[in-house]
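Right, one structure below, let's go through it.
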Amino acid sequence: MPSIGSAPAQMLLQSNRERLCRVFNETYDPARWGDWRWQLRHRLTSLDHLEAYLELSDHERLGLSMGVERFAVSVTPHFAALMNPHDPADPIRRQVVPTADEFNVSRGDMEDPCGEDHASAVEGLVHRYPDRVLLLALDTCASYCRYCTRSRLVSQGSLDPLPRRMTDILDYLRAHTEVRDVLLSGGDPLLMSDDRLDALLSSLREIEHIEFLRIGTRVPGFLPQRITPELVAVLRRHRVWLSLHFSHPAELTPEVAAACDLLADGGIPLGSQTVLLRGINDDAEVLKQLFHGLLKIRVRPYYLYQADPVVGTAHLRTSIAKGIEIMSQLRGHTSGYAVPTYVVDAPGGGGKIPVQPETVVGRDGDAWQLRNWAGMTYSYIDPQEMG
Ligand SMILES: *Cc1c(COP(=O)(O)O)cnc(C)c1O
């Protein structure tokens, strides 16, 4: 696909937008396109929608005709417009359009790989680490990533609505004074209305020992129109940090850059999380482009995740050896700010475990043998105890 911003890319993007509007018997209108409610109402959610937009492969058609009940399909027009309609291997398309590969079960696959259900203190509240909790706010997203770690919950309507859970959640958090950090995720919390989000954040901020609030969201990438000055004001008022989710440099469009600018100008610290995906971003050059692109829009790459072994996602995963090799091609070769921490979220509920290329290659008493980014070995002698 031609690179973003080039004239051929602009032409393809415009023709995709027009094609997408025709799926719904509408004509392209920039004002409607830029309205996040219009985007949500015009998501591609069925075989018929996707068939009308893309040249589907048999593999995709089979996945779409069988898979939609297990884990919903949904793609915002914004995200769909970045696809190549003629190429099933397109890295944007493979993230959100299912294939028949989702019916394959691989060794080690699990429904709940991170053991979240088991670690739930209250429904939708995972307290795994000593001082922080994960709060699952909603079970819907703007679009559904086929490699989702929470496909067992998300899109299924199996999570009780937040207002019904809120009393128990707040009671738990008030009683657990060791919790200083609440991570809101889901589902995508930024799909809540400004008022509901404001109310949720206010009730958390009223708990004195909670110092740090952050939201995990893919809305800036799937639905950048949702990032409005009003939303930024809510996030700013409650001093929220955001962890965004991006997989591929083609996602960093001018609309996404504008959304991140609005957030960064509003004082919202921005980090990003990326899942390592076979044939989509399991390549040091692609990831470097992504991480450099993120730094340009003031987003600091935070985590690179080894893909969780969710049932039916083996075709999207790659090996840990590949991940380590990619990390060795990043660290030292580019700005440290552009290098996230590579982690495996331990299957069975052990939490995130960082995995790195070996740098401590030997030790002889107080002498440490360390290998640098270029593969050369250096020695560091520990300080002597002074008498
Ligand atoms: C990822 C995660 C967190 C946050 O971990 P950090 O390393 O602090 O970003 C907290 N709780 C759960 C259950 C998580 O999966």
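The values are calculated or read from the model by the stated rules, or taken from the named source; none is laboratory data. Not measured: the values here are computed from a predicted model. Backbone-built Cβ (ideal geometry, glycine too); neighbour counts: all protein chains shown.
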>> Which condition from (1) within 16 Å of the ligand (Cβ to nearest atom); (2) surrounded by fewer than 20 Cβ atoms within 10 Å (Cβ to Cβ); (3) not assigned by TED's automatic domain parsing to the domain that holds Asp308 is the one that Ser57 breaks?
In response: (1)
>> Restricting to segment 116-135, name every residue that is in contact (Cβ under 8 Å) with a residue 40 or more places away in the chain, more than 9 Å from the ligand (Cβ to nearest atom) and not charged (D, E, K, R).
In response: His118, Ala121, Val122, Gly124, Leu125, Pro130, Leu135
> Taking Val154 and the conditions (1) aliphatic (A, V, I, L, M); (2) modelled with pLDDT of 95 or more; (3) within 16 Å of the ligand (Cβ to nearest atom), which numbered condition does it fall short on, given that it satisfies the others?
Replying inline: (2)
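Looking at this structure, is Leu330 closer than 15 Å to Asp283 by Cβ and either out of contact with any strand residue (DSSP E or B) (no Cβ under 7 Å at 6 or more places or on another chain) or free of Cβ contacts under 8 Å to residues at least 24 places away in the same chain (or both)? Full working, then the answer.
Details: closer than 15 Å to Asp283 by Cβ: yes; either out of contact with any strand residue (DSSP E or B) (no Cβ under 7 Å at 6 or more places or on another chain) or free of Cβ contacts under 8 Å to residues at least 24 places away in the same chain (or both): yes.
Yes; evaluated as a whole, the condition is true for this residue.
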>> What pairs come out if I take residues in segment 212-238 that are without any contact (Cβ under 8 Å) to a residue 60 or more places away in the chain and within 18 Å of Val256 (Cα to Cα) and pair them with residues that are among the hydroxyl-bearing types (Ser, Thr, Tyr) and assigned to a strand (DSSP E or B) whose C-beta lies under 8 Å away, six or more apart or interchain?
In response: Ile215/Ser185; Ile215/Ser243; Gly216/Ser185; Gly216/Ser243; Thr217/Ser185; Thr217/Ser243
> Pro249 versus (1) within 25 Å of Leu134 (Cα to Cα); (2) buried (at least 16 other Cβ atoms within 10 Å of the Cβ): which is the lone unmet condition?
Replying inline: (1)
> How about segment 1-91: which helices (runs of 4 or more DSSP H) wholly inside it have at least 3 residues that are at pLDDT below 95?
Replying inline: 7-23, 58-67
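Before we move on, is Arg298 among the charged types (D, E, K, R), in contact with a helix residue (DSSP H, G or I) (Cβ under 6 Å, 6 or more places away or on another chain) and away from the ligand (no atom under 16 Å from the Cβ)? Steps first, answer last, please.
On the way: among the charged types (D, E, K, R): yes; in contact with a helix residue (DSSP H, G or I) (Cβ under 6 Å, 6 or more places away or on another chain): yes; away from the ligand (no atom under 16 Å from the Cβ): yes.
Against the criterion (among the charged types (D, E, K, R), in contact with a helix residue (DSSP H, G or I) (Cβ under 6 Å, 6 or more places away or on another chain) and away from the ligand (no atom under 16 Å from the Cβ)), Arg298 qualifies.
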>> Could you check segment 226-242 and list, in sequence order, the residues that are surrounded by fewer than 20 Cβ atoms within 10 Å (Cβ to Cβ) and under 19 Å from the mean Cα position of the chain (by Cα)?
In response: Trp241
> Within segment 252-275, restricting attention to residues that are away from the ligand (no atom under 16 Å from the Cβ) and farther than 16 Å from Pro229 by Cα, which residue is surrounded by the fewest Cβ atoms within 10 Å (Cβ to Cβ)?
Replying inline: Pro254
>> For Ile207, only one of the following conditions fails: (1) more than 21 Å from the chain's Cα centre (by Cα); (2) part of a helix (DSSP H, G or I); (3) surrounded by fewer than 19 Cβ atoms within 10 Å (Cβ to Cβ). What is its number?
In response: (2)
> Looking at (1) within 16 Å of the ligand (Cβ to nearest atom); (2) in a helix (DSSP H, G or I), which is the one condition that is false for Glu178?
Replying inline: (2)
> Just a yes or no: is a residue in segment 144-165 among the charged types (D, E, K, R), on the phi < 0 side of the Ramachandran plot and touching a Cys at 6+ places or on another chain (Cβ under 7 Å)?
Replying inline: no
> Taking only pairs six or more apart or across chains, which ones have beta-carbon atoms under 7 Å, a first residue in segment 363-377 that is surrounded by 13 or more Cβ atoms within 10 Å (Cβ to Cβ), and a second residue that is outside any strand (DSSP E or B) and among the polar types (S, T, N, Q)?
Replying inline: Leu370/Thr359; Arg371/Thr359
> Can you name the condition, by its number, that Gly312 falls short on among (1) part of a strand (DSSP E or B); (2) within 26 Å of Val126 (Cβ to Cβ); (3) away from the ligand (no atom under 16 Å from the Cβ)?
Replying inline: (1)
